[in-house]
Amino acid sequence: MEHTGLLRRRVAANAMASKLMKLLTIISLLTLLIIGVGLYYKSTAILGEHSLWSLLTGKEWSPLSGQFGFRPFIVSSVYVTVLSVAIALPVALLTALFLTENAKPWITKVVFPILDILAGIPSVVYGLWGTLIIVPWIADSFGPLFVDYTSGYTLLAGGIVLSVMIIPLLVSLFIELFSAVPKDFKDASASLGATRWQTSRLVVVRKASPGIIAAVVLAISKAFGETLAVLMVCGNMVGIPHSLFDSAYPLPALIANNYGEMLSLPKYESALMFASLLMFVIILIFNAISRVVLQKVEQKFKL
Amino acid sequence: MKLKFVEERIFNLLMVLATLVVFGFFASIIWTIARTGFPSLTWEMVSQLPGGGFYLGKDGGILNAIAGSLMIVFASTLLGLAISIPIVFYINVYLKKASRLAYFARLSFDVLFGIPSIVYGAFAFTIMIFFGLKTSLLGGIIVITLLIIPIFVRSMDEVAKSVSKDLLDAAYSLGATKLESCGVVLRQIAPGIATATLLSVGRAIGDAAGVLFTAGFTDNIPTALNEPAATLPLSVFFQLSSPIPEVRERAYAAALLLTIIVLVLSVTGRLVTGRFSKNRIK
């Protein structure tokens, strides 16, 4: 009798745990939906007053008089992001190729922990480094070569600091992709007389290209959402930047800078929540696409 | 010499250069933070609360931020573990390999992983307004927990996926229920849990954008969940914007402290992963 009692308890515990775990899983899946709906709900106030189009393309930003044009911020965000990826991509590609195809084992042993640490350094530390090294460098050495005066707190500074922040992500994704390319392909290429670089360029990179695109999209969404570092080095002046040496004011910086006073002005809170919603939607789409592509690539290589 | 060999040479050089550039960035960051931070990193800095006139360059330390950060990180790591371990078990033990729910769960956690902390922060802020809550320790803990659950799930799932199905079958054949078989999986993913924890602690302690809205800032150590809490990254950020050099120097020291914590976590991560692997069956 006691044995059946024990068995029943064990089975009941299993069934209970199963339900509980399912609940937890589903609730955490719903967070995505809840965040989206919550932010949308908060943005309805401003969406009701201005059309989506006028919000996205308007140039005037003066919360005091109720004008909310997000174009300067969107343009700044896009410029900073594109710039950072343009700097990071070649460096990350070459580094990853070097580490997977050419480097001696001791070099990878040194570089991997460094990438780990770079990936773990908090964004405020990157921001501090940017203000101490990159900003003065642009203001005193690099900027004067091209323009008469620049404060250093520029689009370029944001792009450089962000690129350093996404390089570890890109390199580790690339290494994963490149080492998944079957060795037979490389051997076949080598036996046809290709040099190692030709093999890397024509076989490894080409084979991994869908994955590379997905990784870049992932890096874009990381750079796009990065807040504190860009807030510290971009200058944050409202206006569309016309050169690398102009100040920029990306969306995350806008939100972080103004959360304090957003409750004091009508529609201001709603406008900032609309900015968050915008970032959420863009990053959601970018992330989902790149993840699906990466999964497909992974499956293809496994066959 | 043939063109392809010239090309090979050039690109070999470029690859080495690129790697050196990455190394150079790393060295420059560590050197800058260490050089500016060490002179002002004193015992007083880490053991005292901000005194009167602290933000004008007078006496005091950043114990408020250290304590606040530790509280938030500790609580949210525990909460995050408590929530994500069952999720990993559910996806890997209870659901079938080809299950749709498992597919969507993995995809959603991947996407959640990419959502920037400022969006989490803004969202949590609206929720807090909705419930009439002020910036508080609790708010910070909730945001950081939300932020690190995807890290936990993703990195533990990566390890749990590779646990051999035979191992589970062996447990079932001995009459174990699925719940009891989770114990077997737990031993297999122990190194994964350790690495995931260190990863999340690193991210949790360095995150600023999320707590900016939700935890607020204070000069005291919070004694209850509804009191605001200071955090290290924000302490760096706020002190850095000061026009007074002494205050800025303390920001450098706080940044160095933060960097040291992250470095230590990263190094222990590598060591611990090895130690926890003794029960691992390949």
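Sort out which residues of the stretch B:168-194 are in a helix (DSSP H, G or I) and either farther than 22 Å from B:R154 by Cα or basic (K, R) (or both), and write them in order of number. Walk me through it before giving the result.
Residues of the stretch B:168-194 that are in a helix (DSSP H, G or I), as a first pass: B:168-173, B:178-194.
Within the stretch B:168-194, B:D169, B:A170, B:A171, B:Y172, B:S173, B:K178, B:E180, B:R187 qualify.
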Exercise. Among the residues of the stretch A:55-69, is any under 30 Å from A:A215 (Cβ atoms) and at pLDDT below 90?
Worked result: yes
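Among residues belonging to the stretch B:252-274 that are small (G, A, S) and within 7 Å of chain A (Cβ to nearest Cβ), point out the one that is surrounded by the most Cβ atoms within 10 Å (Cβ to Cβ).
Step one: of the stretch B:252-274, the residues small (G, A, S) are B:253-255, B:266, B:269, B:274.
Now narrow it down to the ones that are within 7 Å of chain A (Cβ to nearest Cβ): B:255, B:266.
Working: B:A255: 31, B:S266: 20.
Only one residue fits best here, namely B:A255.
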Exercise. Hey, A:G130 hits all of (1) in contact (Cβ under 8 Å) with a residue 24 or more places away in the chain; (2) away from every other protein chain (no Cβ under 11 Å); (3) out of contact with any Leu (no Cβ under 6 Å at 6 or more places or on another chain); (4) of a type outside the set (D, E, K, R) but one; which does it fall short on?
Worked result: (2)
Seminar exercise, completed: Scanning the stretch A:284-299 residue by residue, those closer than 17 Å to A:A180 by Cα and not hydrophobic (A, V, I, L, M, F, W, C) turn out to be A:R291, A:Q295, A:K296, A:E298, A:Q299
For this session: Considering every residue within the stretch B:205-221, establish whether at least one is within 28 Å of B:V143 (Cβ to Cβ) and among the hydroxyl-bearing types (S, T, Y).
Result: yes
Exercise. Among the residues of the stretch A:122-152, which ones are of a type in the set (S, T, N, Q) and either buried (at least 16 other Cβ atoms within 10 Å of the Cβ) or at pLDDT 90 or above (or both)?
Worked result: A:S123, A:T131, A:T150
Seminar exercise, completed: When B:N220 is run through (1) within 18 Å of the chain's Cα centre (by Cα); (2) more than 12 Å from chain A (Cβ to nearest Cβ); (3) of a type outside the set (G, A, S), the failure sits at (1)
For this session: Restricting attention to the stretch B:232-251, report how many residues are more than 10 Å from chain A (Cβ to nearest Cβ) and of a type in the set (V, I, T).
Result: 2
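May I ask you to say which residue of A:L218, A:L202, A:L231 is buried (at least 18 other Cβ atoms within 10 Å of the Cβ), assigned by TED's automatic domain parsing to the domain that holds A:S62 and out of contact with any Ser or Thr (no Cβ under 6 Å at 6 or more places or on another chain)?
Details: A:L218 fails: out of contact with any Ser or Thr (no Cβ under 6 Å at 6 or more places or on another chain); A:L202 fails: buried (at least 18 other Cβ atoms within 10 Å of the Cβ).
After ruling out the rest, the residue left standing is A:L231.
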For this session: Would you mind finding the one in B:K178, B:K134 that is touching a Pro at 6+ places or on another chain (Cβ under 8 Å) and of a type in the set (D, E, K, R)?
Result: B:K134
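Any residue at all in the stretch B:150-169 that is under 30 Å from A:M232 (Cα atoms) and crowded, with 24+ Cβ neighbours inside 10 Å?
Taking the stretch B:150-169 and keeping what is under 30 Å from A:M232 (Cα atoms), we get B:150-152.
Going one step further and asking which of them are crowded, with 24+ Cβ neighbours inside 10 Å, we end up with B:152.
Yes, the stretch B:150-169 contains a residue that is under 30 Å from A:M232 (Cα atoms) and crowded, with 24+ Cβ neighbours inside 10 Å.
Regarding A:V85, is this residue crowded, with 24+ Cβ neighbours inside 10 Å, in the same structural domain as A:M165 (by TED's automatic domain parsing) and closer than 29 Å to B:F237 by Cα?
Values: crowded, with 24+ Cβ neighbours inside 10 Å: no; in the same structural domain as A:M165 (by TED's automatic domain parsing): yes; closer than 29 Å to B:F237 by Cα: yes.
Here the answer is no, as A:V85 does not meet what is asked.
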For this session: State all residues of the stretch B:125-141 that are farther than 22 Å from B:I193 by Cβ, touching a residue at least 12 places away in the same chain (Cβ under 8 Å) and more than 9 Å from chain A (Cβ to nearest Cβ); if no residue qualifies, say none.
Result: B:M128, B:L133, B:K134, B:T135, B:S136, B:L137, B:L138, B:G139, B:G140
Exercise. Can you name every residue in the stretch B:195-224 that is over 19 Å from B:I115 (Cβ atoms), outside any helix (DSSP H, G or I) and aliphatic (A, V, I, L, M)?
Worked result: B:I221, B:A224
Exercise. Within the bounds of the stretch A:177-200, is there any residue that is in contact (Cβ under 8 Å) with a residue 40 or more places away in the chain, touching a Lys or Arg at 6+ places or on another chain (Cβ under 6 Å) and part of a helix (DSSP H, G or I)?
Worked result: yes
Problem set entry | Which listed residue is under 21 Å from the mean Cα position of the chain (by Cα) and surrounded by 14 or more Cβ atoms within 10 Å (Cβ to Cβ), from A:S76, A:S28 | A:S76
Exercise. Here are some conditions: (1) of a type outside the set (D, E); (2) within 7 Å of another protein chain (Cβ to nearest Cβ); (3) within 25 Å of B:I10 (Cβ to Cβ). A:P122 meets all but one. Which one does it not meet?
Worked result: (3)
Problem set entry | Matching residues in the stretch B:64-76 - criterion: being surrounded by fewer than 22 Cβ atoms within 10 Å (Cβ to Cβ) and under 10 Å from B:I144 (Cβ atoms) | B:A75
Exercise. Which residues, taken from the stretch A:177-195, are surrounded by fewer than 18 Cβ atoms within 10 Å (Cβ to Cβ) and either among the aromatic types (F, W, Y) or within 14 Å of chain B (Cβ to nearest Cβ) (or both)?
Worked result: A:F185, A:A190, A:L192, A:G193
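Does the stretch A:155-176 hold any residues that are under 30 Å from A:S243 (Cβ atoms), aliphatic (A, V, I, L, M) and buried (at least 21 other Cβ atoms within 10 Å of the Cβ), and which are they? Spell out how you get there, then give the answer.
Let us first name the residues in the stretch A:155-176 that are under 30 Å from A:S243 (Cβ atoms), namely A:155-171.
After this cut, where a residue has to be aliphatic (A, V, I, L, M) as well, the list is A:155-157, A:160-162, A:164-167, A:169-171.
Residues satisfying the conditions are A:L155, A:L156, A:A157, A:I160, A:V161, A:L162, A:V164, A:M165, A:I166, A:I167, A:L170, A:V171.
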Exercise. Under 8 Å by Cβ, and 6 or more places apart or on different chains, what pairs join a residue from the stretch B:10-31 that is farther than 21 Å from A:R201 by Cα with one that is aromatic (F, W, Y) and in a helix (DSSP H, G or I)?
Worked result: B:S28/A:W129; B:I29/A:Y126; B:I29/A:W129
Seminar exercise, completed: Only one of B:S235, B:S200, B:S266 is in the same structural domain as B:A122 (by TED's automatic domain parsing), closer than 18 Å to B:L70 by Cα, modelled with pLDDT under 85 and among the polar types (S, T, N, Q), namely B:S266
Problem set entry | Unmet criterion (only one of (1) within 30 Å of B:L186 (Cβ to Cβ); (2) of a type outside the set (S, T, Y); (3) in contact (Cβ under 8 Å) with a residue 60 or more places away in the chain) for B:A82 | (3)
For this session: Considering each residue of the stretch B:27-52, count those that are touching a strand residue (DSSP E or B) at 6+ places or on another chain (Cβ under 9 Å), surrounded by 14 or more Cβ atoms within 10 Å (Cβ to Cβ) and not in a helix (DSSP H, G or I), and give that number.
Result: 3
Exercise. Has the stretch B:187-194 got any residue that is at pLDDT 85 or above, within 15 Å of the chain's Cα centre (by Cα) and more than 19 Å from A:L231 (Cα to Cα)?
Worked result: yes
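The values are calculated or read from the model by the stated rules, or taken from the named source; none is laboratory data. The model shown is predicted, which means the values in this text are computed figures rather than measured ones. All Cβ positions, glycine included, derive from the backbone under ideal geometry; neighbour counts span all protein chains shown.
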